[in-house]
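Values in this text are rule-based calculations from the coordinates and carry no lab data. The structure displayed is predicted, hence computed values, not measured ones. Cβ: placed from backbone, ideal geometry, glycine included. Neighbour counts: every protein chain shown.
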Amino acid sequence: MSDIKILGIESSCDETAASVVLNGREVLSNIISSQIDIHTLYGGVVPEIASRKHMERIDRVVDKALKEASLDIKDIDAIAVTYGPGLVGALLVGVSYAKSYAWALNKPLVGVHHIKGHICANYIENKDLKPPFMCLVVSGGHTHLVRVADYGEYEVLGRTRDDAAGEAFDKVARVIGLGYPGGPKIDKVSYEGDPAAIDFPRAKIADNEYDFSFSGLKSAVLNYLNSLQMKGLSYEQADVAASFQQAVVDVLVGHSMAAIDEYGVKDFAIAGGVASNSHLRTAMKAACEEKGINFYMPSPIYCTDNAAMIAVAGYHEFMAGNTADLSLNAVPALKLE
């Protein structure tokens, strides 16, 4: 069988990205144009600004991805694009661009679920990884515990009931004065703090032990800070960051290990922006080693939003015959079923 080259396009939030992937495993190019510096000024992502910046940058990003891969657009076998979930305006930029390319060049179009893309990021550097395995997807907008039964076949065991882990990181970072983006900043400053300094709650959901809830933890941090303020007392920023982060890590690891025990999996992976958190990576690796489980994690560049993961997921959809027509539209609240 001849080589299959997929052009992936990602624009679900504040990264404009394009990538060319060969046969679903080999990344020929991976271009990411981040807007973090812009949105940091506002303390978070501003959807309208994100959409406008995607429009300004997407053409150059795709051209650069093709050039770095030493390919012409005519050499591409299919175009894969994130169509949800995400910010509707941002998604529309990528979807419209991909549809235009597909129509103009008569190339197959593949719509990719963003969370599936994160899971598939694990295939890039772990050539031996194949289904079935379990994956914890943790990002700014999503916290999912997923059983990957086969390529393109997923079973959601648990998901967040309220705030995703990444949202909680951003909100807590803001209130303790670290600013945006919260995840990397809390990860860094927590090395200077005591993770046992404050006993923040670890939430459990009564009707599904694999579901997550982080709004109570966020509120507990706010209540702790407010109580000190009312008493005229100060707090150690690093201790709050470290204690909060430890509570999140404990929940993520605990849920994951419980699922591993119940389902008897031998391979476990993490994915998503929060999966680049050094404390989570260390704790999850140690927990898996203790149980004799093979542990996989993408390099940080493939944890945050990127188009290589979209191209990989798109490859498997394409090989399964799951292509889209020009009616493909952005679905901002697209669920992983």
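The figures follow:
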{"quantity": "Where trypsin sites (Lys or Arg not before Pro) fall in DSSP loop in segment 279-337, at most 12 other Cβ within 10 Å", "calculated": "Lys335"}
{"quantity": "Most fluctuating residue given options His144, His54, His279, as computed from a GNM of the chain linking Cα atoms under 10 Å", "calculated": "His279"}
{"quantity": "Two-decimal ratio, segment 39-114, of alpha-carbon radius of gyration to 2.2 N^0.38 Å", "calculated": "1.20"}
{"quantity": "For Phe133, distant residues with modelled amide H under 5 Å away", "calculated": "Val148"}
{"quantity": "Helix axis angle, 278-291 relative to the chain longest principal axis, alpha carbon, degrees", "calculated": "90 degrees"}
{"quantity": "Extension reserve of the Ile38-Asp59 stretch, reckoned as 0.36 nm per residue once the Cα distance is removed", "calculated": "5.6 nm"}
{"quantity": "Most mobile of Lys67, Lys231, Lys185 in a GNM of the chain (Cα contacts under 10 Å)", "calculated": "Lys231"}
{"quantity": "Stokes-Einstein diffusion coefficient of the chain, Kirkwood radius over Cα pairs, 20 °C, 1.002 mPa s, in µm²/s", "calculated": "105 µm²/s"}
{"quantity": "Listed residues Tyr154, Tyr191, Tyr123, most fluctuating in the chain (Gaussian network, C-alpha, under 10 Å)", "calculated": "Tyr191"}
{"quantity": "Theoretical ellipticity at 222 nm over the chain - DSSP helices of four or more residues, -39500 (n - 2.57) apiece, nearest 500", "calculated": "-13500 deg cm²/dmol"}
{"quantity": "Label zone at Glu48 (point 7 Å along Cα-to-Cβ), backbone N below 18 Å, segment 85-126", "calculated": "87-93"}
{"quantity": "Segment 201-284: GluC sites (Glu not before Pro) in DSSP loop, at most 14 other beta carbons within 10 Å", "calculated": "Glu209"}
{"quantity": "Zone of Thr282's modelled label, taken as backbone nitrogen in segment 176-215 under 13 Å from a point 7 Å along Cα→Cβ", "calculated": "187-196"}
{"quantity": "Residues Leu222, Leu233, sorted so that the one with the fewest Cβ neighbours within 10 Å comes first", "calculated": "Leu233, Leu222"}
{"quantity": "For segment 117-270, fraction of C-alpha pairs farther apart than 24 Å, in %", "calculated": "38 percent"}
{"quantity": "Spacing of the two label points (7 Å from each Cα toward its C-beta) at Arg25 and Met230, in nm", "calculated": "6.0 nm"}
{"quantity": "Debye log10 I(q)/I(0) at q = 0.16 Å⁻¹ for segment 193-337, Cα point scatterers", "calculated": "-1.06"}
{"quantity": "With Cα atoms, 0 to 90° folded angle of helix 237-263 axis to the chain main axis", "calculated": "60 degrees"}
